[in-house]
Amino acid sequence: MRVFAKNNYIFNLLSEAVSEGLLVVNREQLIVASNKKADTMFGYDDRELVGKPVDVLVPGAYNMGHKDRVEAFFKAKTTGRMMVDRILLGQHKCKGDFPVKISLNPFNIEGVDYVLALVFDKTEISKRDYQIKELNEHLEKKIKTRTFELRETVSMLEQEIKRREQAEKKMKSALQRERELSELKTKFLSLVSHEFKTPLSGILTSATLVGKYKGAGDQERRDKHLSTIIGEVRHLNSILTDFLSIERLEKGKEIYDFTDFSLSKVVNEVIYNANMLVKIGQRINYPHNIDDVIIYQDEKIVTLILTNLLYNSVKYSPEDSEIDISIKVEDGVMFLKIKDQGIGIPTKDQKHIFERYFRAENALLNQGTGIGLNIIRDHIENLGGKVYFESKEHIGTTFTVELPVDNRIHSGLN
């Protein structure tokens, strides 16, 4: 512990900037350092964990054999995530156990072996998993109920047809309404699959890349991809929120969170994630001269708009093609253009392209539900902007988004 104490200032300086829990354990399996996030996560005061055996953080039911596993890890001197495929349990000082994931990384200082543990609190994700499970069960019960009601209605309709024409018309109308409800359910489930696919692909890609960076010098790369995974999980949660906001959008009651933020930061993050999905030979060209552009808008919504348009360009463009992103600011308005060399939109379909659930006839073989453009159009209009496009089939499409640079001015606020 004395060896590590000499370097403790550097550890404290770096560890407090990390959003997850950090623990350092020596060969005697004693905790020699921890950051505030780890102390809080496990219910301890500042530096209270230092000097305690690491077993205090392991629930009693899993304590047996834990020391042997830690010793084996020291001997192996490998770097990697421990039990990455399932949630582990950590022992809170007062509140019992809670779900965590842990990444273990050995290192050596002045001939003394240590292990750095990066601890992720998965409590909120476990809660969301349970909520999603409850939602699925509720939907299944509702579908069964509606299906039973539909069959009952059909049976009544067949009997009424024989007795009078007027009843036939009424029952056909009721049947049609039931069918529309069933179709809406089907479209909703399809919508969930479509909207979840992109962030899940990002998570899978980053998880795969993390597995390839096994060297001690690859920690920065691993951290970068772990951050991507965390970001995509948060994005999944935001997608659920977007689904719930559809009704608010239609009624004009959506609440936006306006802040000042760097446009280049958002663009770089979206392009970075899109590059994980590009096809062979596809290239995304970055916009120029936006490093100093600061806008006052809803950062989450601007990210959603750019992500939707860019991912569509990647999805509907062939291999060995280019996607150009250009941004300029004129008279307090930001002009965002995304131009691709994709399949284009047939002329007869262009007037319907922003309608919910509509899909062009040449895009039916690609996965999707036709919800994305409808949602971003409503958001753009609510933010005081507009979106339009030019497209030629087999040549490509250019989408243009206009948004106020400062929404305070657009809203008449000081």
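Considering each residue of the stretch 175-185 in turn, at least one proves to be modelled with pLDDT of 80 or more and in a helix (DSSP H, G or I). Scanning the stretch 395-403 turns up one or more residues that are at positive phi and outside any loop (DSSP other than H, G, I, E, B). Of all residues in the stretch 112-125, those satisfying the criterion of being touching a residue at least 40 places away in the same chain (Cβ under 8 Å) and either over 17 Å from residue 207 (Cβ atoms) or touching a Gly at 6+ places or on another chain (Cβ under 7 Å) (or both) are 112, 113, 114, 115, 116, 117, 119, 121. Within the stretch 333-377, the residues that satisfy the criterion of being among the basic types (Lys, Arg), at pLDDT below 95 and out of contact with any helix residue (DSSP H, G or I) (no Cβ under 8 Å at 6 or more places or on another chain) are 348, 351, 359, 377.
If we scan the stretch 285-305, do we find a residue that is among the basic types (Lys, Arg) and either out of contact with any helix residue (DSSP H, G or I) (no Cβ under 7 Å at 6 or more places or on another chain) or at pLDDT 95 or above (or both)? Talk me through it step by step, then tell me what you get.
From the stretch 285-305, those among the basic types (Lys, Arg) are 300; that's our starting set.
Next, from what is left, pick out any that are either out of contact with any helix residue (DSSP H, G or I) (no Cβ under 7 Å at 6 or more places or on another chain) or at pLDDT 95 or above (or both): none.
No: zero hits.
Conditions (1) surrounded by fewer than 17 Cβ atoms within 10 Å (Cβ to Cβ); (2) in a helix (DSSP H, G or I); (3) modelled with pLDDT of 90 or more, marked per residue:
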{"site": "70", "(1), (2), (3)": "no, yes, no"}
{"site": "97", "(1), (2), (3)": "yes, no, no"}
{"site": "101", "(1), (2), (3)": "no, no, no"}
{"site": "128", "(1), (2), (3)": "yes, yes, no"}
{"site": "134", "(1), (2), (3)": "yes, yes, no"}
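State yes or no: is residue 385 within 17 Å of residue 305 (Cβ to Cβ) and either at pLDDT 90 or above or outside the structural domain of residue 314 (by TED's automatic domain parsing) (or both)?
Working: within 17 Å of residue 305 (Cβ to Cβ): yes; either at pLDDT 90 or above or outside the structural domain of residue 314 (by TED's automatic domain parsing) (or both): yes.
So residue 385 fits the description; yes.
Pairs meeting the criteria (first residue in the stretch 45-58 and without any contact (Cβ under 8 Å) to a residue 24 or more places away in the chain, second residue in a helix (DSSP H, G or I), beta carbons under 7 Å, at least 6 apart or on different chains) are 45/39; 46/36; 46/39; 48/39.
Here's the yes/no breakdown for (1) at pLDDT below 75; (2) closer than 15 Å to residue 300 by Cβ; (3) part of a helix (DSSP H, G or I):
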{"position": "210", "(1), (2), (3)": "no, no, yes"}
{"position": "226", "(1), (2), (3)": "no, no, yes"}
{"position": "240", "(1), (2), (3)": "yes, yes, yes"}
{"position": "260", "(1), (2), (3)": "no, yes, no"}
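The values are calculated or read from the model by the stated rules, or taken from the named source; none is laboratory data. These figures come from a predicted structure and were not determined experimentally. Please note: Cβ atoms are built from the backbone with ideal geometry, for glycine as well, and neighbour counts cover all protein chains shown.
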